[in-house]
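A quick write-up on the structure given underneath.
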Amino acid sequence: MRLAIQNLKKHKKQYVSFGIMLFIAAFIINIALVLNSQSSDAYDKQFEKLNTADINILIPLAQDDDNLLNEIDNLKGVTLTERHEGLYSKATIHNFAGTNFEMNTVFYRITDKRDINLLNVSNTVKNSKGTIYIPEYVSKLGGFSVGDTITYSIGKQDYSFSVGGTVSEMEYGNYGTNLIGAYLPKKAYKTLASRHRSNLVAEYSVKLKNNANLDTVKKRISSLISDKKITLLTINNRKTTKQARSMISNLLIAIFVAIAFIIFLISLFLSSFRIRNHIENELINMGVLKATGYTSSNIIMSEIIPYILTAAFASIAGTLISYTVLPSIADFLATQSGFSFRPIFDWSAILLSTGTTITVTGICTYFCARKIRRLEPINAIRGIDYKRTTKNHFPLATSKFSVKFSLILKQIFASLGQNILLFILTFGIMTLLAFSGTLLYNVNFKSDNFLKTISDEMPSAIFTVSTQDDLRQLKSTLQNDDKVKEVLGYTSVSLNYANGAITSFVSEDFSRVNNNIVYQGKNPVKSDEIAVGSALSKQYKIGSKVKITNDDRSYNYTVTGYIQSINNQGIVCELTDAGYQKISKMTPKSLNVYLKKGATAKNLIKKYKKKFPNMTSTNYEQLLANSSKMYAGIVSSVTVIIFIIAALVILLVMYIIINALIITRKREFGIYKALGWSNRQLILQLAFSFTPIISIAAIFSAIIDLSLVPIMNNAVWGMLGANKNHFEVSLAVLLAFAFILICISFIVSVVLARPIRKINPYSLLKE
């Protein structure tokens, strides 16, 4: 133990640099572990606390059956069923994060007695007819506080309310389920219901037995509803709801784990390099120790213990300090998920991160230090390692190159292990920078690529009218507008298939869409064709038939392709206008408007509101801008953090390598100084000796990353349900990052090589 303490004191700066890297890795990995375990556990606890239903269905109130409640309750696997009335409609919230945002909304009476789907209401305003209680998601993301006025538009009618409080509930949470709730006092609900009787629905909330299979019971309920010829408007379950609400959290966890893993690997490479270098430098001392009675195990432990102590201290400190930022991360995730939780100390996460770090560090350092066993005391005292041979690369006496260039080449070829380490580390750091840089490029500078990946269709504005005559007149006027590039009949409607509700995109011509979301096969062209979402891809193969129902009309369509929709969890389909007419008496009355460069949706809407006062509009351009702004901030923050980490890693790596080289080559540098070399020449010579290998690794990584980064992007976005992403991987951007990495490495090398100035040839001669 005394030898270990001596090593720790003698090389404390290098152990500190090693500890900083492990601190960063432990800091990040503990955040990922806590988010992964606590957010999921807190979600499940809140789910149980509010006695949330496992399955929720909506059917038209006019089609409700008096016996349906008992029939669902008697299904195998069902333990409790509860019925509530609601009003289900597309409702536009005005000034939601600066624009009008249309969402499928279910309005409930907040005064109804509930045993299932309980509501946790923060009420600071007295109930009145003009009060509404909104979900956390609408409050935080939309920017509505208690006491603010919020306006909903249903059809042509506007309804303004005062926000009486926020509702924490686990039935919907956020709009990832394609549904959101709103809660009204009894009088306000009665007024709304009297004006929109056709939108009234019956909601059945179902709790399952612990051993019941969710999918099996869901199919039984769907079959029961179908057999009764009742339209199933929506069917949600706990599994898909949780996936939708945890989407961003899971993405962040994946990124955190990847970064922590890379940093941890770099730390292990550095410890390996440091131990091997230390054995070479302390060969004589180790021989003396063996000759005086110290065993190989004693000396090996003196090498391992400082790393284990450093790993223990750094990992414990990193995990503990990570709790200072976890509340902020949890608050950010609450905005996306509509669910709040407070991170607490998680001893299992702390033990896992610290235990893994210490164990892996101990094992790796042991395998690096075990070569000490083969050292023979006599040879070691003489400074001889019989398994190590050296070669004089590019001897100055016979080299055809200049002295300066020959010295650089000598350094490169004489330190093969060091250069392999540098190559691997540079390649890893460059890959990390390439991934984050590509993300930054596509979110902040080429935002359309990002928005096309996470969105469905992307018009500038959406106009909706009430009659076909108005539609024809509006379309004709828009087509003659010199600021309009394209006008396309396009709408989304709620239909049904075998397993429940499905969102359908209906268009007159999918070849004219701005964002083709087909990732396999093709869009429907004929009236009997359909493209289905990724959630249906296993059940319905291309070429097979799928039955789609709307009210009392059904048709079997032929599947032509698969489409993606992150917002709808892949439960979507595409139909042509003619195809939709086979199951609907109504014709779509919405137009997607695409503007030319320089025109704005805000001005267009203002202009056409005057011409068509009964028209409703959505400023989709503003919605996309808000989404882009929110995600751009997140990505910018993540990228800045990655850059800081990369720069810090480079600093620590180069410090350990350069410090070891200066110690090893101290006499050599003294001789060069005695021969007339200046400090500046020696510093630059040492810095330039790293440049070739770092440059080769960075450029090689940039070229490889052209193929590697798309694979990483597909893996990350595939987790969110995006089977097709539009991200561009630019060689110019990658080479720019490679150049920045090379420059940073060179500058850091020059700064860290400055201790060469302290080497005194006279002092070395005295030694």
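Overview of values
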{"item": "Estimated dipole of segment 505-614 in Debye, rounded to 20 [Cβ of Lys and Arg +1, of Asp and Glu -1, Cα centre]", "result": "680 debye"}
{"item": "Net length gained if the chain between Ile747 and Ile344 were fully extended (0.36 nm per residue, minus Cα distance)", "result": "140.9 nm"}
{"item": "Scaled radius of gyration (Cα, divided by 2.2 N^0.38 Å) that segment 461-598 gives", "result": "1.07"}
{"item": "Contour minus Cα-Cα distance for Tyr519 and Val360 (0.36 nm per residue)", "result": "53.1 nm"}
{"item": "Sequence ranges 693-706, 105-118, ranked by mean other-Cβ count within 10 angstrom, highest first", "result": "693-706, 105-118"}
{"item": "Principal axis box of segment 38-155, alpha-carbon based, largest edge first, Å", "result": "47, 41, 27"}
{"item": "Space enclosed by the convex hull of the alpha-carbon atoms of segment 639-763, per residue, Å³", "result": "113 Å³"}
{"item": "Percentage relative contact order, the chain, counting C-alpha pairs under 8 Å, at least six apart", "result": "16 percent"}
{"item": "Cα point-scatterer Debye curve for segment 65-229, base-10 log of I(q)/I(0) at q = 0.14 Å⁻¹", "result": "-0.77"}
{"item": "Within the chain, helix-based [θ] at 222 nm, where runs of 4 or more DSSP H residues each add -39,500 (n - 2.57), nearest 500", "result": "-17000 deg cm²/dmol"}
{"item": "Cβ crowding within 10 Å averaged over residues, with 465-472, 681-688, 205-212 ranked highest first", "result": "681-688, 205-212, 465-472"}
{"item": "All Cα pairs of segment 523-662, percent lying beyond 19 Å", "result": "72 percent"}
{"item": "Pairwise centroid distance, computed over Cα atoms, of segment 413-465 with segment 36-112, Å", "result": "38 Å"}
{"item": "Reduced Cα scattering model of the chain, Debye log10 I(q)/I(0), q = 0.10 Å⁻¹", "result": "-1.04"}
{"item": "Highest to lowest packing among 26-37, 448-459, scored as the average C-beta count within 10 Å", "result": "26-37, 448-459"}
{"item": "Surface/4 estimate of mean projected area, convex hull on alpha-carbon atoms of segment 441-486, nm²", "result": "4.4 nm²"}
{"item": "Lys/Arg +1, Asp/Glu -1 at C-beta; the chain dipole; positive extreme among Ala434, Ala698, Ile566", "result": "Ala698"}
{"item": "Label-point separation in nm, Asn67 to Gln581, each point 7 Å along Cα→Cβ", "result": "4.0 nm"}
{"item": "FRET efficiency, Glu48 to Ile542 (Cβ-Cβ, R0 30 Å, nearest 0.05)", "result": "0.15"}
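No value in this document is a laboratory result; all are computed from the given coordinates. What you see is a predicted model; the values in this text were computed from it and never measured. Cβ: placed from backbone, ideal geometry, glycine included. Neighbour counts: every protein chain shown.
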